[in-house]
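The values are calculated or read from the model by the stated rules, or taken from the named source; none is laboratory data. This one's a predicted model, so the numbers in the text were calculated from it and none came from an experiment. Cβ placement follows ideal geometry from the backbone for every residue including glycine, while neighbour counts extend to all protein chains displayed.
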Amino acid sequence: MARGTTAPGAPRGARDLGPAAAVGLVARRRRWNEHIVMAILAGSAFLSVVVTAGIVVSLLAPLGTFFSHVGVGEFLTGTSWTAGFGGKFDWDDKAWGVLPLIVGTLSTTVIALLVAVPLGLGAAVVLSEYSGDRVRRIVKPLLEILAGVPTVVYGFFALTIVTPYLQTLLGVELFNNLSPGLVMGFMIVPTIASLSEDAMSAVPQALRQGSYALGANRMKTTVRVVFPAAISGIVAAIVLGISRAVGETMIVAIAAGNRPTFTLDPAVGAQTMTGFIAQVASGDAPQGSPVYYSLFAVGALLFFITLVVNMISIRMVRKYRQAY
């Protein structure tokens, strides 16, 4: 390169410098860009921690008030919950057992996972192992559109389309756990499918070629080679689906009803924790009333359950993670 010239694409300020000075200027500018990006990422991570800490702090005072009137054992083991029924300013005339809400939440979540995990993993296998690049570029964005549909639309779909069909087929009640569970499963399919497909596509092609060289067909390679290699990403995808199912509000609030029934029968309606929060927090709970403080107790329990699920996920991901 002639003296005084610079490489194509060099910054404008480097045009009048020699090659060595121009290269140094480009390197310094790249380092500054990297520092800026790192600062933005660190700030985002710090903001997430601050928001989480703020949520915990905002729960402490109402929780203290609630548990000064209600025992922790009564709250966690009681099978009757009447917080939303009349007498809002009387602590003694209410039952504070949160188990009906927990069972309702777990019931809809399990039903959703029974739908979402097979369909999501099946879609991930087809996209990753059996589809070409062109098909993957078209089908995957179409699949992810389902994740962008407002959940209130899913809720009305469950109530007006799925529930009448289930009433004819299985004789379920108008408000039940089966209908919102099934619809919620389809809602979280894109989450599991997309993340699982990303994890499976990241598996080195050399592992597949080695399996084929040993005489394995495509399905055996997928099950015995690709799945174990991508298990950490698949587990993370499933846990993210669980978290979204546990925290879903509008579908269960519309289609599962607001009757806190302690039952495992999916054909019967049962209120979930998020359904209770949506029902009461809509303006039906005067500030300072017992039901007002119960919102924070249920919210804190939901926060704790989600935290435990994510901690288990992190541990499993670290245990089975494979680096290539």
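Odds and ends about this structure:
- Residue check, LEU119 more than 24 Å from GLN279 (Cα to Cα) and either small (Gly, Ala, Ser) or exposed (fewer than 11 other Cβ atoms within 10 Å of the Cβ) (or both): no
- Selection of the range 206-264 for residues being more than 29 Å from SER131 (Cα to Cα) and either aromatic (Phe, Trp, Tyr) or not assigned by TED's automatic domain parsing to the domain that holds LEU302 (or both) yields only PHE262.
- Counting only helices (runs of 4 or more DSSP H) that fall entirely inside the range 167-286 and contain at least 3 residues that are in contact with an Asp or Glu (Cβ under 8 Å, 6 or more places away or on another chain) and under 21 Å from ALA116 (Cα atoms), the qualifying elements are 178-201.
- Yes/no for THR163 being surrounded by 15 or more Cβ atoms within 10 Å (Cβ to Cβ), within 21 Å of ALA193 (Cα to Cα), in contact with a helix residue (DSSP H, G or I) (Cβ under 7 Å, 6 or more places away or on another chain) and among the polar types (S, T, N, Q): no
- Yes/no for LEU59 being of a type in the set (A, V, I, L, M) and either modelled with pLDDT of 90 or more or under 30 Å from PRO180 (Cα atoms) (or both): yes
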